Structure formats: C-alpha cells, structure tokens
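Just so it is clear, none of the values below were taken in a lab; they were calculated from the coordinates. The shown structure was predicted, so the numbers you read here are calculated from the model rather than taken from an experiment. Note: ideal-geometry Cβ built from the backbone for every residue, glycine included; neighbour counts use all protein chains shown.
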Amino acid sequence: MTFNIHHGRGRDKQLDLNRIAEIIAGSGADIIGLNEVDKYFSKRSDNQDQIGWLAKQLNMQHAFSPSLSLRFKKTAPARQYGNALLSRYPIVNAKSHLLNILPGIVEGRSILEATLQINEKCLKINVTHLSLNPILHRKQTNFMINQFINSSDPTIIMGDWNMKPESRDWRKITHEFQDAWNIAGKGAGFTYPSLRPRSRLDYLFVSPHFRVINVDIITNNPKASDHLPLKATFSFC
C-alpha cells in the first residue's frame, strides 16, 4: 500500500496519527510506503517520531528516508521530513537517495530504497514523493528508471508521483514497469484530494516479475489525510 499521510493532519485540520494507524491495520497490507512523514520535525506533528510510533503501534519493521533534515542544536535530534516504509517482513537493508537537484531553492525530495526478505527471496521496495516542478520531476523520474531498471530482484516503486496518467513521465516509467492500477483497477483511480477526489497522483509500479491480482483505493476514512491510500495484491516469482 502507498499512502501520503500529510504528517497525520487530516482534512478536518486535526492531528491524529491513530487514524493513520487504524487505516493501515484495517487494510491488511504487509508492505506500506508512506509519504510526508515527520520525525521530530516541529510542533505541527507534536515533535513526534511518526514512523517509530506507527511501527511500534502496528508491530512492524520500519525504515525512513529524510527529504529534509534540519539541525539547530548539536544535542537535539535532527528535524526531518520524508518517506517511510512499514513491513511485516524483515528489512535487511535500507538506504536513502537524495534528489535535491536545486538544494536550498526547492523542497528536497528523496527515494527510500529497501530490501525485504520474503522466505528465500529478496524484494526491492522503493518509496518516493516527486516534485511538482516539471523539469525536476523529469530528472527524478529518469534517476529512478536508471537506478532500478537493471535489478534482477522483483521491484516495487511506489508513492506520490504528482503526475497524471499518460503524461510524458508516466509513459517513461510504464515503458519499464507495470502500473498496477492500469492492469487491475476499476474506474479513474483518483486518490487526491481525499474528499471528492479528482486526480490520480499515487502509484504502485512493479517490475515484470509480478502478477497484479487486484488493486483498490481505500475510502473508509477520507478525513484522515488529504490523500487516499492505494492498495494492491501481487504475486511474484
């Protein structure tokens, strides 16, 4: 599942990470990519380590990739904001790729790259949140394709892509990876905004190793974030 949680602040302006945890638990998803996650960032999220709290609450393993990292006091933890991963399977490796093409000028972006162990097989998971700027978006898309195209392991790339289906960058990524919604989704697949959605911004892309069984948008609590979660079931060999 991929879910932009808007640092736990819902459409009703309330900060409530419990709602996010309930949606994840209710989905039954084994692997969850999260965008807009705060880690000791500011008062807007009660200076909380959100991914650490969610992992403990849900009894899952986790990894984090800061897109923005600020430090004002040597003794205080860094204030961070970025992408995260929750997994019921062991995370055997995780690293972050910064996509700060114009650092200090535009919002930082990153990719969380993780390796999961599922029985005797390795699964590559990549979680990202791409720029709204078309030029930066294109560079970030190209980076990901070049980074992951030659992987021999089953690979999933998921997150908030800030793009429309059939766009230039969508065509680039789907030349190499399957768009899960295009294969098994019904309807337009809109995930944003969560109330009266009218855009498909969130995607699950998978390598040819996968068979897409089904894909759904979770709508049971649309006030929990400004995006709706996108969930898919895959089999792979």
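Can you give the three extents of the C-alpha atoms in segment 1-92 along their principal axes, from longest to shortest, in whole Å?
39, 37, 19
For segment 97-221, take N as its residue count and report Rg(C-alpha) divided by 2.2 N^0.38 Å. The partial results should precede the final answer.
Values: Rg = 14.8 Å, N = 125, 2.2 N^0.38 = 13.8 Å.
Working it through for segment 97-221, the quotient is 1.08.
Considering amide H positions built from the backbone, and no H for Pro or chain starts, which residues 5 or more places from Asn47, or on another chain, come under 5 Å of its amide H?
Hits under the 5 Å cutoff: Phe41, Ser42.
For the cross-link pairs Lys73/Lys223; Lys13/Lys164; Lys74/Lys164; Lys39/Lys231, which exceed 32 Å when the distance is taken from alpha carbon to alpha carbon? Walk me through the intermediate numbers first.
Numbers: Lys73/Lys223 35 Å; Lys13/Lys164 27 Å; Lys74/Lys164 42 Å; Lys39/Lys231 24 Å.
As for pairs spanning more than 32 Å Cα to Cα, those are Lys73/Lys223; Lys74/Lys164.
Take every Cα-Cα distance within segment 35-148, group them into 5 Å bins from 0 onward, and report for each bin the whole-number percent of pairs it holds.
Pairs per bin, as whole percents: 2, 11, 19, 21, 19, 14, 9, 3, 1.
Please give the charge dipole size of the chain, origin at the Cα centre, charges +1 on K and R Cβ atoms and -1 on D and E Cβ atoms. Round to the nearest 20 debye. Could the numbers behind the result be given before it?
Numbers: 30 positive and 20 negative charges, 114 e Å.
With Lys and Arg at +1 and Asp and Glu at -1, about 540 debye.
What order do you get for 16-24, 179-187 when each peptide is scored by the mean count of other beta carbon atoms within 10 Å, highest first? Walk me through the numbers before you get to the answer.
On the way: 16-24: 19.0, 179-187: 17.2.
Going by the mean number of other Cβ atoms within 10 Å, highest first, we get 16-24, 179-187.
Using the Karplus curve 6.51 cos²θ - 1.76 cosθ + 1.60 with θ = phi - 60°, work out ³J(HN,Hα) for each residue of segment 224-235 in order, rounded to whole Hz, and write x for Gly and Pro.
Karplus values, whole Hz, x for Gly and Pro: 5, 8, 8, 10, 9, x, 10, 10, 9, 10, 10, 10.
What are the ³J(HN,Hα) couplings of segment 192-197, residue after residue, when phi is run through the Karplus curve with 6.51, -1.76, 1.60 and θ = phi - 60°? Round to Hz, x for glycine and proline.
Listing the rounded values in order: 9, x, 5, 9, 6, x Hz.
Given Val37, Phe236, Ile217, which one lies farthest toward the positive end of the charge dipole of the chain, if we put +1 on the Cβ of every Lys and Arg and -1 on the Cβ of every Asp and Glu?
Of the options given, the answer is Val37.
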